[in-house]
Amino acid sequence: MKIAMIGTGYVGLVSGVCFSDFGHEVVCVDKNPAKIEMLERGEVPIYEPGLDELMARNVAAGRLSFTGDLSQAVEGADAVFIAVGTPTRRGDGHADLTYVFAAAEEIAGCVGDGTVIVTKSTVPVGTNRKVAEVVAKANPSLEFDVASNPEFLREGAAIDDFMRPDRVVVGVSSERAREVMGEIYRPLFLRDFPIVYTDLESAEMIKYAANAFLATKITFINEIAALCERTGADVKSVSKGIGLDGRIGNKFLHAGPGYGGSCFPKDTSALARIGQEYAAPQQIVETVIKVNDEIKRRMLEKLRDICDGSFNGKRMAILGVTFKPNTDDMRDAPALTIVPALVGGGAKVRVVDPQGKREGESLLPGVEWVEDPYDAAADADALVILTEWNEFRALDLGRIASNMAHARLADLRNIYSAEDAKTAGFEEYVAVGR
Ligand SMILES: NC(=O)c1ccc[n+]([C@@H]2O[C@H](COP(=O)([O-])OP(=O)(O)OC[C@H]3O[C@@H](n4cnc5c(N)ncnc54)[C@H](O)[C@@H]3O)[C@@H](O)[C@H]2O)c1
């Protein structure tokens, strides 16, 4: 199959590279010339483990190429995927579909008859039909089909998620679209990965429902964590105890500083807005959004407590600012709420993150970036673990504690224990839900 991928962000690039690895001929397009220049030099503009090698292999095999010219990319394509951003629209919480419709209009102007236009971006119910309207209006004589193919990959594990998915969801309204999508995903079908064919609206809804459910699960355990703190229970034991119940499952039950990232905040907000628009309020999701915001504030209170009630003049070391490990993505990371509050409160903040500096530098003004956790903690009044990168999981806590001005540890990802901290010589240790 010949595939054009519009947008080379976290989803478009990974999808394009993986489709080429399936054996398809893929051209990836982006309107950002700097990204295309990097890709043409063989450099990956994002941090995603394993992506550089897979990309190089498929470029070398002649199946994968990059261009800034959309018309060149879609020429002769069996399917054109739209994988552009759908951020929160400023002001009202809806998904901003400007980029999706702009891409649809551009595609309409240069694509040939018989192409399937596939929306991979996360879009509200009804968007695929609107994409079809936009294309038909821009090019009334064009024969085309649309398909909805929401993406479920996780940053940091994106290639494995794409190559070994729990399921692939395909929304179609024509036999032709189903055939083309079936051919594209044939390598996964042959390996028995489930492919769920459904209508356009259900496919669109599945993506929002899945993300809202996961955000709810995280928020649920975060709220239980607050109760654990008051009652003396340990949320780690509680997570284990409930997660072993097959009906509940152990994933997404780790208490922490609240969910963030490029998807959950914007997708829960969009789903809440869709519910209001259709007079079917999503009250659980609305509450999840509110509670998640409160959790971030609660983390700040914890930090203030271990800083004797004020950040003013305190030297604080922050380990990890990306929204989760193994990505450089800073979108809606809890660090973007917590770190500015520390700086604003008069703290002197040092930050270490294995991949976060490139994105984070402009987003976190007034902090000092250092490379090494031990340097960050030297002479500090408090050490805060915000993102659980692997390199922070086995630190020599004794060495850190002995070099701090005040050995206090706020472990907001529960990767150590009160006992570890005490043995290492920390005078204070706070975690989440323990
Ligand atoms: N990031 C994730 O983990 C993830 C997971 C599942 C689904 N999604 C969804 O996938 C979509 C894309 O997300 P992302 O994180 O990859 O976004 P992103 O912001 O990283 O990338 C989007 C890219 O599209 C490009 N672009 C925009 N309009 C264009 C046009 N007309 N022509 C060519 N290029 C254009 C931008 O320059 C940018 O490089 C969103 O709807 C998101 O909700 C994201």
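Filter the GluC sites (Glu not before Pro) in the range 130-171 down to the DSSP loop ones having no more than 10 other Cβ atoms within 10 Å, then list what survives.
Taking the range 130-171 and a limit of 10 other Cβ atoms within 10 Å, the loop GluC sites (Glu not before Pro) found are 143.
For residue 427 and residue 300 in the same chain, what is the full-extension length gain: residue separation times 0.36 nm, less their Cα-Cα distance, in nm?
43.8 nm
How would you order 371-383, 286-298 from highest to lowest mean count of nearby Cβ atoms within 10 Å?
Ranking the peptides 371-383, 286-298 by packing returns 371-383, 286-298.
Protein chains only, probe 1.4 Å: how do 47, 208 rank by accessible area, largest first?
Accessible-area ranking of 47, 208, largest first: 47, 208.
Under a no-solvent Debye model with one identical scatterer per Cα of the range 298-430, what's log10 I(q)/I(0) at q = 0.16, 0.17, 0.18 Å⁻¹?
-0.71, -0.81, -0.91
Rank 14, 139, 416 by how far each Cα sits towards the positive end of the charge dipole of the chain (+1 on Lys, Arg Cβ; -1 on Asp, Glu Cβ) and give me just the farthest.
416
State the extension gain, in nm to one decimal, for the chain segment bounded by residue 378 and residue 92, taking 0.36 nm per residue of separation less the distance between their alpha-carbons.
Answer, rounded to one decimal: 98.6 nm.
Express as a percent, rounded to the nearest 5, the fraction of DSSP beta bridges in the range 2-198 (both residues included) that run antiparallel.
10 percent
On the protein heavy atoms, probe 1.4 angstrom, tell me the percent of accessible surface of the range 1-58 carried by carbon and sulfur.
Taking all protein chains in place, the range 1-58 shows 51 percent carbon and sulfur surface.
With a cut-off of 8 Å between alpha carbons and a minimum separation of six or more residues, what is the relative contact order of the range 2-198 in percent?
19 percent
What is the distance, in nm, between label points placed 7 Å from the Cα along the Cα-to-Cβ direction at residue 141 and at residue 405?
7.5 nm
With a 1.4 Å probe and all protein chains kept in place, how do 197, 185 rank by accessible area, largest first?
197, 185
Using a 1.4 Å probe, what is the accessible area per residue for the range 208-290, in Å²?
With the other protein chains kept in place, the range 208-290 gives 53 Å² per residue.
Over the range 208-290, what is the relative contact order in percent, taking alpha-carbon pairs closer than 8 angstrom and at least six residues apart?
36 percent
Sorting check: for 310-319, 399-408, which peptide has the highest mean count of neighbouring beta carbons within 10 Å, and how do the rest follow?
Highest-to-lowest ranking by the protection proxy: 310-319, 399-408.
What nm distance separates the two modelled labels at residue 276 and residue 290, each placed 7 Å from Cα along Cα→Cβ?
1.3 nm
Please list, by residue number, everything in the range 1-23 whose backbone N is under 20 Å from a paramagnetic label point 7 Å out along Cα→Cβ of residue 69.
The answer is 2-8, whose backbone nitrogens lie closer than 20 Å to the label point.
Hey, got the dipole for the range 208-290? About the Cα centre, +1 on K and R Cβ, -1 on D and E Cβ, debye to the nearest 20?
140 debye
Show me, for the range 397-411, the HN-Hα J-couplings you get by feeding each phi into the Karplus relation (A = 6.51, B = -1.76, C = 1.60, θ = phi - 60°), rounded to Hz, glycine and proline as x.
5, x, 5, 5, 4, 6, 9, 8, 5, 10, 7, 10, 10, 10, 9
Express the relative contact order of the range 273-374 as a whole percentage, based on alpha carbon pairs under 8 Å and six or more residues apart in sequence.
Result for the range 273-374 is 24 percent.
Sort 369, 389 by accessible area with a 1.4 Å probe, largest first.
I get 369, 389, largest accessible area first.
Taking R0 as 41 Å, what FRET efficiency do you get between residue 368 and residue 105 from their Cβ-Cβ distance, rounded to the nearest 0.05?
0.35
Given just the C-alpha atoms of the range 308-362, how large is their convex hull per residue in cubic angstrom?
78 Å³
If you roll a 1.4 angstrom probe over the protein chains with everything in place, what fraction of the accessible area of the range 240-389 belongs to carbon and sulfur, to the nearest %?
So the carbon and sulfur contribution to the accessible surface is 50 percent.
Using only DSSP helix segments of four residues or longer, with each worth -39500 (n - 2.57), what per-residue ellipticity at 222 nm results for the chain after dividing by its residue count and rounding to 500?
Rounded to the nearest 500, it is -13500 deg cm²/dmol.
Quick one: if the Förster radius is 25 Å, what FRET efficiency do residue 190 and residue 113 give, using the C-beta to C-beta distance and rounding to 0.05?
It comes out at approximately 0.30.
Placing unit charges on C-beta atoms (Lys and Arg positive, Asp and Glu negative, everything else neutral), compute the dipole magnitude of the chain about its Cα centre in debye, rounded to 20.
Rounded to the nearest 20 debye, it is 980 debye.
If you take the charge dipole of the range 162-293 about its Cα centre, with +1 on Lys and Arg Cβ and -1 on Asp and Glu Cβ, which of 188, 205, 279 is farthest toward its positive end?
Farthest towards the positive end: 188.
Can you tell me the FRET efficiency between residue 60 and residue 361 if r is taken as the Cβ-Cβ distance and R0 is 35 Å, rounded to the nearest 0.05?
Computed FRET efficiency for residue 60 and residue 361 comes out at 0.60.
Determine how large the accessible area of residue 190 is when every protein chain is in place; take a 1.4 Å probe and give Å² rounded to the nearest 10.
110 Å²
The values are calculated or read from the model by the stated rules, or taken from the named source; none is laboratory data. These numbers come from a predicted model, not from an experiment. A quick note on method: Cβ atoms are made from the backbone with ideal geometry, for glycine too, and the neighbour counts reach across all protein chains shown. For accessibility, only protein heavy atoms count, side chains too; no ligands or nucleic acids. Shrake-Rupley method; radii C 1.70, N 1.55, O 1.52, S 1.80 Å.
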